[in-house]
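The values are calculated or read from the model by the stated rules, or taken from the named source; none is laboratory data. In this text the structure is predicted, and so the values were computed from the model without any measurement. Note: ideal-geometry Cβ built from the backbone for every residue, glycine included; neighbour counts use all protein chains shown. SASA here: full protein model, heavy atoms, side chains in, ligands and nucleic acids out. Shrake-Rupley method; radii C 1.70, N 1.55, O 1.52, S 1.80 Å.
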Amino acid sequence: MATFKYALNTSTIRECLSRAGEPLVLKQKIEITAAAGYDGIELWVRELDDHVRAGGSLSDVKGWLDAAVLEIVDLMGFFEWAVLDDERRKAGFEEAARNFAIAAELGCPFVAAPPFGIHNESDPTKRPDLKTIAHYFAELSSLAKKHDVTPLLEFWGISKQLGCLGEAICVGAESGVEDVRLLTDVFHIYKSSGHHNGMRLLDGKSLGLFHVNDYPANPPQASVVDAQRVMPGDGVAPLSAIFQTLKDTGFKGYLSLEIFNEAEWAKPAEDVAARGLRQMRSLAEAA
């Protein structure tokens with residue numbers, strides 16, 4: 001019996017063409033994900049918005065997912081839920097509510113809540129401390145609960161605050177939220193701490209989702225960027241050890257492949273999706 005389930009984050013094939021050389025529409029992304037053998041998919045709010053602006057509906061998307069027998073496991077959106085500025089945070093919560101409503105309509109259990117808006121704040125006096133972020137996260141969780149969805153507390157290794165696993169654990173612990181779920185990521189763990197040993201402090205139930213990718217030996221940790229993520233097994237990340245640690249925590253949720261690599265985007269989407277699953281599954285199940 002498989003320990004993990006596997007999802008594709010559509011960023012991985014965002015700019016790909018089909019084998020026929022056609023730009024991908026949302027329906028094709030869903031069909032390609034299912035055909036490659038994934039159990040689930042992560043969608044971006046902006047691609048859903050594009051579909052609706054073009055005359056489509058969320059019910060279309062729900063029908064495509066059902067037909068593909070594909071679970072939508074998370075929505076990726078950007079809203080400034082943790083900024084100190086009251087007006088910006090109010091607007092961020094309004095956008096969060098919209099994201100939560102979309103997730104509820106699609107039957108999606110999770111919406112990512114990264115440190116958007118504080119990640120690039122250069123003025124230390126405008127960055128919230130961790131207890132303040134925890135307070136805001138409690139408010140966000142309460143809002144999400146009204147829609148019967150859960151925000152995934154996500155850290156970014158590039159962020160000035162909420163930039164590492166330890167800070168995410170602190171925010172979750174201090175928030176008072178009973179069922180905090182984290183979204184962790186191979187790249188962001190490396191970019192922040194440089195090691196994954198902090199994951200041993202987690203219970204598998206506290207992890208809502210795990211983003212899988214790899215990173216090259218060069219450029220080094222200090223200068224590597226999101227766009228340089230590579231396919232699992234194509235870099236130097238200790239993925240076998242990471243997957244074993246996930247198993248040790250009791251995590252049995254989704255591993256979701258998320259990269260933003262132009263070299264992969266230059267290849268047919270079908271090939272990228274299939275190879276990504278093959279390499280991710282091979283490493284995960286061998287651990």
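Quote the accessible area belonging to Glu262 in square angstrom, nearest 10, computed with a 1.4 Å probe and with ligands, DNA and RNA left uncounted.
140 Å²
List the residues, sorted by chain then number, that are 5 or more residues from Arg181 or on another chain and whose placed amide H is less than 5 Å from its amide H.
Leu153
If amide H atoms are built 1.01 Å from N in the plane of the peptide, which residues on other chains or at least 5 residues away come under 5 Å of the amide H of Arg127?
none
For region 125-181, with equal point scatterers placed on the C-alpha atoms only and solvent neglected, what are the log10 I(q)/I(0) values from the Debye formula at q = 0.17, 0.23 1/Å, to two decimals?
So the normalised log intensities are -0.51, -0.88.
Can you send over the solvent-accessible area of His195, 1.4 Å probe, protein chains only, in Å² to the nearest 10?
His195 has an accessible surface of roughly 100 Å² with all protein chains in place.
Using the 2.2 N^0.38 Å rule of thumb for compact globular proteins, work out how region 83-130 stacks up: its C-alpha Rg over that value, please. Please report the intermediate quantities before stating the final value.
Working: Rg = 13.1 Å, N = 48, 2.2 N^0.38 = 9.6 Å.
So the Cα radius of gyration is 1.36 times the expected 2.2 N^0.38 Å.
Report the far tail of the P(r) of the chain, meaning the percent of Cα-Cα pairs longer than 24 Å.
49 percent
How much accessible area per residue does region 177-235 have, in Å², with a 1.4 Å probe?
Normalised by residue count, the accessible surface of region 177-235 is 42 Å².
Given the -39500 (n - 2.57) contribution per DSSP H run of 4+ residues, what per-residue ellipticity at 222 nm results for the chain, rounded to the nearest 500 deg cm²/dmol?
Working: 10 runs with 119 residues, N = 287.
Only helices count here, giving -13000 deg cm²/dmol.
What ³J(HN,Hα) values, in whole Hz, does the Karplus curve 6.51 cos²θ - 1.76 cosθ + 1.60 give for region 131-136 when θ = phi - 60°, with x put for Gly and Pro?
5, 5, 4, 4, 4, 5
Just for the chain, what percent of DSSP beta bridges are antiparallel, to the closest 5? Could you put the intermediate results ahead of the total?
Details: 2 of 29 bridges.
Bridges in the chain that DSSP calls antiparallel: roughly 5 percent.
So which trypsin sites (Lys or Arg not before Pro) in region 180-287 are both in a DSSP loop and have at most 15 other Cβ atoms within 10 Å of their Cβ?
Within region 180-287, the qualifying trypsin sites (Lys or Arg not before Pro) (loop, at most 15 other Cβ atoms within 10 Å) are Lys252.
Please figure out what share of the DSSP beta bridges in region 1-88 is antiparallel and state it in percent, rounded to the nearest 5.
10 percent
Ignoring ligands, DNA and RNA, how do Lys267, Lys29 rank by accessible area with a 1.4 Å probe, largest first?
The residues order as Lys267, Lys29, largest area first.
So what does Val225 come to for accessible area, using a 1.4 Å probe and Å² rounded to 10?
That residue has around 70 Å² of solvent-accessible surface.
Quick one: the Cα spread of region 155-240 along its three principal axes, in angstroms, biggest first?
That works out to 40, 27, 19 Å along the principal axes.
Given H placed on each backbone N at 1.01 Å, which residues far from Asp214 in sequence or on other chains put an amide H within less than 5 Å of it?
Val230
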